[in-house]
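Reviewing the structure listed below.
Nothing in this text is a laboratory measurement; each read-out follows from the coordinates by a stated rule. Fair warning: this is a prediction, and the values are worked out from it, not measured in the lab. In this analysis, Cβ positions are derived from the backbone assuming ideal geometry, glycine residues included, and neighbour counts consider all displayed protein chains.
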Amino acid sequence: NAGVMQNPRHLVRRRGQEARLRCSPMKGHSHVYWYRQLPEEGLKFMVYLQKENIIDESGMPKERFSAEFPKEGPSILRIQQVVRGDSAAYFCASSPRGGGGLQSSYEQYFGPGTRLTVT
Amino acid sequence: GNSVTQMEGPVTLSEEAFLTINCTYTATGYPSLFWYVQYPGEGLQLLLKATKADDKGSNKGFEATYRKETTSFHLEKGSVQVSDSAVYFCALIIQGAQKLVFGQGTRLTINP
């Protein structure tokens, strides 16, 4: 069973360009989470999605950032008009269920991350 | 709000030394607690967890006990190996919520 896949692993963009980060959850998982790790900091929650729905986007910057998880295909985190402060590692996680319940079924499994560098 | 504070790093030890990485938390609800490990170039892997007070999580020789009275979840290992070199993250999730709250991470280097 393949783990969570993220691509690209490394992405370089110039200021003002768009960045698209892809996440394919584990097979059978319908819940996806995006986290951002700024240099020398811990991971910060950005957004939680189920298929075709955004459930919680309380950690997303109000402008330039968007996320989707279509019925078919990977989840996409899109950053428009990137700035140097967007340089970070972006991690995707998936789980078979959401809700933070006590069973293992809610555990989040992480991908290897995409390291975005804005020049 | 909810937050996790970890021992400042980096930490450097010799092989077979005893390891403690401190973690304390504040939470508005009743959290489950986790330790994740990130090896170089890889994503985070769940190392261990505890879901209620006095639970002890353990895996690969690592242990951590959920202490509600001190709001702590310190990671320990009796004898570390070079292969334990990684970044360790303490995290919590409030029951019923969806988002993990992470500490800043502690980089551990074990020298042979």
Net charge near A:PRO39 (other residues with Cβ under 13 Å of its Cβ; Lys, Arg +1; Asp, Glu -1) is +2
According to the Cβ-distance criterion of 4.7 Å, cysteines of the protein assembly as shown with no possible disulfide partner are none
Charge tally for neighbours of B:GLY61 with beta carbon under 9 Å away, counting Lys, Arg as +1 and Asp, Glu as -1, is 0
Fewest to most Cβ atoms within 10 Å: A:THR119, B:THR51 sort as A:THR119, B:THR51
If each part is reduced to its alpha-carbon centroid, region B:81-104 and region A:1-19 end up apart, in Å, by 23
For the table A:LYS62/B:LYS56; B:LYS56/B:LYS99; A:LYS71/B:LYS68; A:LYS71/B:LYS56; A:LYS44/B:LYS77; A:LYS71/B:LYS77, the rows whose alpha-carbon distance is greater than 32 Å are A:LYS62/B:LYS56; A:LYS71/B:LYS68; A:LYS71/B:LYS56; A:LYS71/B:LYS77
For B:LYS60, the aspartates and glutamates lying under 19 Å Cα to Cα, once residues fewer than eight places off in the same chain are dropped, come out as A:GLU107, B:GLU15, B:GLU16, B:GLU42, B:GLU76, B:ASP84
Averaged over residues of B:35-45, the number of beta carbons from other chains lying within 10 Å of each residue's Cβ is 4
Taking only C-alpha positions in the protein assembly as shown, Rg and Dmax in angstrom work out to 17.6, 51
From the Cα centre of region B:33-64 to that of region A:28-63, the distance in Å is 21
Once Lys and Arg are counted +1 and Asp and Glu -1 for all other residues with Cβ under 11 Å from that of B:GLN104, the total becomes -1
Candidate cut points under trypsin sites (Lys or Arg not before Pro) in region A:4-42, DSSP loop plus at most 14 other Cβ atoms within 10 Å of their own Cβ, are A:ARG9, A:ARG14, A:ARG15, A:LYS27
Given a Förster distance of 22 Å, the FRET efficiency implied by the Cβ-Cβ spacing of A:ARG84 and A:SER58, rounded to the nearest 0.05, works out to 0.35
Within region B:63-107, the residues whose backbone N lies under 11 Å from a label point placed 7 Å from the Cα of B:ALA53 along the Cα-to-Cβ direction are B:67-71
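If neighbour count is taken as other Cβ atoms inside 10 Å, put A:ILE54, B:ILE110, A:ILE79, B:ILE93 in order from fewest to most.
By the 10 Å Cβ count, ascending, the order reads A:ILE54, B:ILE110, A:ILE79, B:ILE93.
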